Each structure stands twice: as structure tokens, then as C-alpha cells.
Amino acid sequence: MTNPPGASGRLAKRAVLRARLGRAQELVIEAVIRLCGVSAVVFVFAIFFFVLREALPLLFGGLDLGQFFGSMEWYPDSLSNRRYGALALILGTLAVTGLAMVFAIPLGLGAAIPISEFSRGRTKEALKIVVELLAAIPSVVWGFIGLMILNPVIIDLFDAPIGLTVLNGAILLALMSVPIMVSIGEDALKAVPDTYREAAEAMGATRWQVVRRVLLPAARNGLLAAVLLGVGRAVGETMAVLMATGHAVTIPTGPLDSVRTITATIAAELGETARGSDHYRVLFVLGTLLFAITFVVNLTADLVIRGFRRR
Amino acid sequence: MDRQGVRTRDLCLWYGSFQALKSVSLTIRHGQVTGLIGPSGCGKTTLLRCFNRINERIAGVRTQGTIEILGHDVYAPGTDLIELRKRVGMVFQRPNPLPLSVAENVLFGLRVHGSGRLAPDVVEGAVEAALKGVGLWSDLKDRLRTRATDLPLEQQQKLCIARLLPLKPELLLMDEPCSALDPAATSRVENLIRELRGTYTILIVTHNMAQARRVSDECIYMLLGEVIEHRRTEDLFINPSDERTARYIEGRYG
Ligand SMILES: Nc1ncnc2c1ncn2[C@@H]1O[C@H](COP(=O)(O)OP(=O)(O)OP(=O)(O)O)[C@@H](O)[C@H]1O
Ligand SMILES: [Mg+2]
């Protein structure tokens, strides 16, 4: 039996209409998605240019770059002899981040491996939630932990005069960058095809041998990216290190020295400067430097990840 | 006297509630090539994967019955899985060399089963012998550092056979080892299998009747998890004793 001609014509028209609507809907959704993507890029550039704009007049108008990078004399509000030597701040950032990575890399990758390879089902989910909770702790709270808990512990343990040190900040930053390392690291391990594990196990490798001899080399790039993203996270962190590292503009010689990082300096001083003053602008130069560091670190991580996908 | 290579008694296997092997009892002779044929889904891969207990990687697998390999009960409590897998090597359907260099693939077994470092002369000797064993030496002797996963499929699959040899396995399990290869490569791998015959007991799954006839001494026909027929290959193909075997091999020649 066939439909009467009128009815079938109507049906056909409706189908065409529906197809057109569907197409229109798709176009709108596509446009929205593209807009989101583009605006993310626009925002990043806008922020960078805003920071750079505030920095430029000083950067090309009187800042002694040799002093900026080579001197540790940071006297931004001295009336007679202002000096903007950021070396101590840069080294402070490097010291805290570096030591943080010494703790965070074994901790982060050490957690990614058991979560990805040695746990299943509920246990795996539970472990992942714990790690994600770690990421949800606000950085002020970490700062408090540094001030109230780590500070006395460090004083007791090392018989140090003060516990607000590179070590304190590094421990906090390590804990703060562990979550991203774990989740990216776990992704990297998960991306290793199961056939490799099976092949190795079929040759009599234990699960640990599989990890050491097959997964770590196979996931090397992904794990490296995990570490780099952790570094990026640590370099940019402000509040916790501001509270936990003792606020001393000195070049650190050991983990028990107090320091001040780039981020802490900006956060502490920006509120007190007059808009447009040299001091105000030099803080934006620091911001530009920070931006450049995190940009390079993240870009490297991204390139590494991409290289690893292509393979 | 014919030595027993592998003997199973009432082997049953379940994936969850689905029974994939039903009371399989087999005796596979040592030093021969035994082919395993049957329609898709009849349990050939499953059976093969029981012999090195790699099935146990999959959650929800339950096995019953016994398997003896050269007199050792493989499912006995306290069986050393690592030792078992050293004696029973497996070649998979898709070539799956490890993402390491050619040399490291060959040495993987020695590294995993050995203790301490391998002496340089052991390394060189083992790599050369294994690659010669599968006819890859002349092709790859200058490319031992190449990533194995970058090789052409035929070389990958031969390498997957080669990497088993340094451990001197007693049983080689091959699951459709040629299904990813072109006809020319297939025939070269078949030659290799014939050369390995005698030194190793080989159990090979294949969908290709002609291949089963070319390489195997004995042949097993499976259907829906059961062994239907197990005889010398020429007998099974020329004069099958079971109606269902006859239909299967005829259907295939169709
Ligand atoms: N991991 C698994 N979980 C559940 N069922 C499975 C699993 N693996 C295999 N099966 C089932 O067990 C049966 C036997 O599968 P098996 O892979 O052993 O067959 P096969 O004979 O090797 O088939 P093919 O010729 O297609 O490779 C099939 O019905 C299959 O669906
Ligand atoms: Mg199969």
C-alpha cells in the first residue's frame, strides 16, 4: 500500500524542513564552539598585552636589564637610590620550584603508576577522587598549612631559626602540583596500548617489569609533559609561597633559607605602588617574565604531548 | 615413543556466565605442529590462551579442569606463572613487538628472566642467533637500534617469534600469526614455522584451511567450544570422520 500523493508530498516537505532545521542548528552550535575557542585565544593575548603594555614604558625607558637580571638589590621604593635587581626573586622562584619538583616528581609519577596499573574499579576511582580533592584545596589554605603546621615542624626538625623557607614553600608546591602530574601521567600510561602489556606479560614479565621496561619508555613523553605541566603550575603559584617562604629578598644557598618569589613580590607590592610609577611598572616587567616562563614551559609540554600522540 | 607435549582433561572456561570451552580433552604431541581450526568464535583463541594462562588477565574468567605441559600441571596451585610463560611462548594475531629497539625486543625475555646485567657477548650472541633463527638477521643486522614498531608487519611478526627463542621455550602458541600479512609474507612465515617444527611443539590457530594443510602435522577442529575432531592433518582433510568437520572444510573450499 502507498500513501496518497498529497500526504506523501507533505511528509517529504516536512523531512526537508527538518533536515534544514537540523543543519541550521548544527551551524549555530558550530559557531558558538568556534567563538568559545577564539575568545579563549583572544583573552590570553589580551591579558598578555595588558601586562606588557604596563611594562613597556619602563622596559624601553630606563630599566637597566643588566641590573634587573644580574643584581639582587631590590630597593623599589628607596628615595635616593632605587634599584630593581630581580636576581634574588628569579633565583627564589627557581629554588622553590626546583625543590618542589624534587618532591613532586617521585610523588606524582609514583602515584600515577599504581593508580593506572595496579588498581581497578572502585579502588581506582577512590584514589583518583583523593588526588582530585588535593587539587580542590585553595592556595590560601595551603599557605595556612605552611604557616601553622610546616613552619613549627621545620623549626623543630632542623633546629632552624625560622620555618618559612624554600623547603616549606617547596613542600606546598609539590603537593599542589601533584594532582596535575597524576592526572596527565595517568592519561599517558592509559594511552599505552594494552597489547604491549599483554605481550610483555606473555613473555613472563611481572607487572613491575612491565612498568619499568615497557610502560615507562613507551609513555616517556607523556610523563615528561605531566612533569612540565606540574612545573608550570608551581612557577605560577602565588599565595601559598607568599605565606610560606619568609619574604626575604636573598639569594638562597640552601633549603632552609627564606626567599621571595616573583609571584610573591608582585602580590605583596602591587597594592602599594602608585599607578604608572616605575615601581608599578617593574612589577609588570616581572609579570611579563613570569608569563614568558610559564608560556615556554606549557608550550614545551604541549609540543612534547603532540610528538607523543603522533607516534 | 611419542612424547606428550600438552594434555588437557575436561578443560572448561567461562567468561562470566558464558561458557567458551566445554570439556576440552586433548593430547598434543611433542615436536609437532598442530593446527587449530574452526569457525569464528568457537574458542580457538580462548583455548590457546589457557596454555600460558594469559586469559587470567581478563576479569571474570573462570577455568576448570587440568592442563599438563610436558608433565607439569599448569593450573596446580603454586605454579610459577613466570616460569610457565618462559616455557610457553605466544605469538599474537596482530604483530605486537614492544615499542623498544629490535635488539631490546629480542633480549626482553632474557632481561626479564635473568638476574643482573647481561654480558655483552651474551647480548650479541642471543640477538644474532634469534634473528638468524627467523631469517631476519641479514635484513636487520644493521638496524638493531631501529624501533621495532617501525618495521614492516612481516618483520614485526617474525621478530615476535624471534623474541621467544632466546628463552628456549618448549611450546609455541601462535594465534593466526599470518592474518595481518600479505600472501608472500605469509608463505615465508609458514616456511619459518616448518623450520621450527621438531625443535618446538607448535600450536597454531588458523582460519586458512590451505595453511593448516601446509604447515600442520595434526589438526583439531573445534565448534562452539568443543573439540569435534583431532587427527592427522591429511586424514582430517581427506577423510573427516565427523559430519560437521566435513561440512566446515567443504564450506571453506566452497
Ligand atoms: N573477553 C571476553 N569476554 C567475554 N566473552 C569473550 C571474551 N573473549 C572471547 N569471548 C567469547 O568467547 C567465544 C570464543 O572466543 P574466541 O576469541 O576464543 O574465538 P575464536 O575461535 O578465536 O574466534 P576467531 O576465529 O574470531 O578469532 C566467543 O563467543 C567470544 O564472543
Ligand atoms: Mg581468535
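The values are calculated or read from the model by the stated rules, or taken from the named source; none is laboratory data. Quick caveat, the model's predicted, so the values are computed rather than measured. For neighbour counting, all protein chains shown are included, and Cβ atoms are generated from backbone atoms with ideal geometry for every residue, glycine included. Accessible surface is based on the protein model in full, side chains and every heavy atom, while ligands, DNA and RNA are left aside. Shrake-Rupley method; radii C 1.70, N 1.55, O 1.52, S 1.80 Å.
Some observations on this one:
- Test: B:P177 is in contact (Cβ under 8 Å) with a residue 12 or more places away in the chain, within 11 Å of chain A (Cβ to nearest Cβ) and out of contact with any Cys (no Cβ under 6 Å at 6 or more places or on another chain): no
- From the options B:I58, B:I37, residue that is surrounded by 14 or more Cβ atoms within 10 Å (Cβ to Cβ) and not basic (K, R): B:I37
- Taken as a whole, the structure leaves B:R94 outside the set of residues that are more than 10 Å from chain A (Cβ to nearest Cβ), touching a residue at least 24 places away in the same chain (Cβ under 8 Å) and open to solvent by 60 Å² or more (accessible area, probe 1.4 Å).
- Number of residues in segment A:77-90 that are in contact (Cβ under 8 Å) with a residue 40 or more places away in the chain, surrounded by fewer than 20 Cβ atoms within 10 Å (Cβ to Cβ) and within 25 Å of A:V166 (Cβ to Cβ) equals 1.
- Evaluating B:C42 against the criteria (1) in a loop (DSSP other than H, G, I, E, B); (2) free of Cβ contacts under 8 Å to residues at least 60 places away in the same chain leaves one unmet condition, (2).
- Segment A:83-185 holds helices (runs of 4 or more DSSP H) entirely within its bounds, and those carrying 3 or more residues that are closer than 22 Å to A:W208 by Cβ map to A:87-117, A:121-136.
- Filter result for A:A234 (surrounded by fewer than 16 Cβ atoms within 10 Å (Cβ to Cβ), away from every other protein chain (no Cβ under 14 Å) and under 26 Å from the mean Cα position of the chain (by Cα)): no
- Out of A:R197, A:R260, sole residue that is charged (D, E, K, R) and within 14 Å of chain B (Cβ to nearest Cβ): A:R197
- On inspection, A:V28 qualifies as modelled with pLDDT of 90 or more and not acidic (D, E).
- Test for B:L26: is it open to solvent by less than 10 Å² (accessible area, probe 1.4 Å) and within 14 Å of chain A (Cβ to nearest Cβ): no
- Flag for B:G35 being touching a residue at least 60 places away in the same chain (Cβ under 8 Å), away from chain A (no Cβ under 14 Å) and within 14 Å of ligand 2 (Cβ to nearest atom): yes
- Among the helices (runs of 4 or more DSSP H) confined to segment B:122-241, the ones with at least 3 residues that are out of contact with any Asp or Glu (no Cβ under 8 Å at 6 or more places or on another chain) and closer than 21 Å to B:N52 by Cβ are located at B:153-162, B:183-196.
- Complete set of residues in segment A:299-311 that are surrounded by fewer than 18 Cβ atoms within 10 Å (Cβ to Cβ) and either in a helix (DSSP H, G or I) or small (G, A, S) (or both): A:L299, A:T300, A:D302, A:L303, A:R306, A:G307, A:R309, A:R310
- Flag for B:I82 being of a type outside the set (G, A, S), in a helix (DSSP H, G or I) and more than 16 Å from ligand 1 (Cβ to nearest atom): yes
- When residues of segment B:224-254 are limited to those that are among the hydrophobic types (A, V, I, L, M, F, W, C) and open to solvent by 40 Å² or more (accessible area, probe 1.4 Å), the one modelled with the lowest pLDDT: B:I238
- Looking across A:F49, A:F68, one residue alone is free of Cβ contacts under 8 Å to residues at least 24 places away in the same chain and among the aromatic types (F, W, Y). It is A:F49.
- Single match in B:R85, B:R57, B:R94 (criterion: within 16 Å of ligand 2 (Cβ to nearest atom), over 18 Å from B:L26 (Cβ atoms) and in contact with a Lys or Arg (Cβ under 9 Å, 6 or more places away or on another chain)): B:R57
- Members of segment B:161-176 found to be within 15 Å of B:E104 (Cα to Cα) and more than 11 Å from the chain's Cα centre (by Cα), listed by number: B:A162, B:R163, B:L165, B:P166, B:L167
- Yes/no for A:T253 being assigned by TED's automatic domain parsing to the domain that holds A:G143 and touching a helix residue (DSSP H, G or I) at 6+ places or on another chain (Cβ under 9 Å): no
- Odd one out for B:Q64 among (1) within 16 Å of ligand 2 (Cβ to nearest atom); (2) in contact with a strand residue (DSSP E or B) (Cβ under 9 Å, 6 or more places away or on another chain); (3) modelled with pLDDT of 90 or more: (1)
- Single residue of segment B:172-185 satisfying the filter (farther than 19 Å from B:L48 by Cβ and open to solvent by 10 Å² or more (accessible area, probe 1.4 Å)) that is farthest from ligand 2 (Cβ to nearest atom): B:A184
- B:R85 being surrounded by fewer than 22 Cβ atoms within 10 Å (Cβ to Cβ) and either more than 14 Å from chain A (Cβ to nearest Cβ) or at negative phi (or both): no
- Across segment A:200-231, the qualifying residues are those that are more than 14 Å from chain B (Cβ to nearest Cβ) and in contact with a Phe, Trp or Tyr (Cβ under 9 Å, 6 or more places away or on another chain), and the one among them that is nearest to A:A136 (Cα to Cα) is A:A225.
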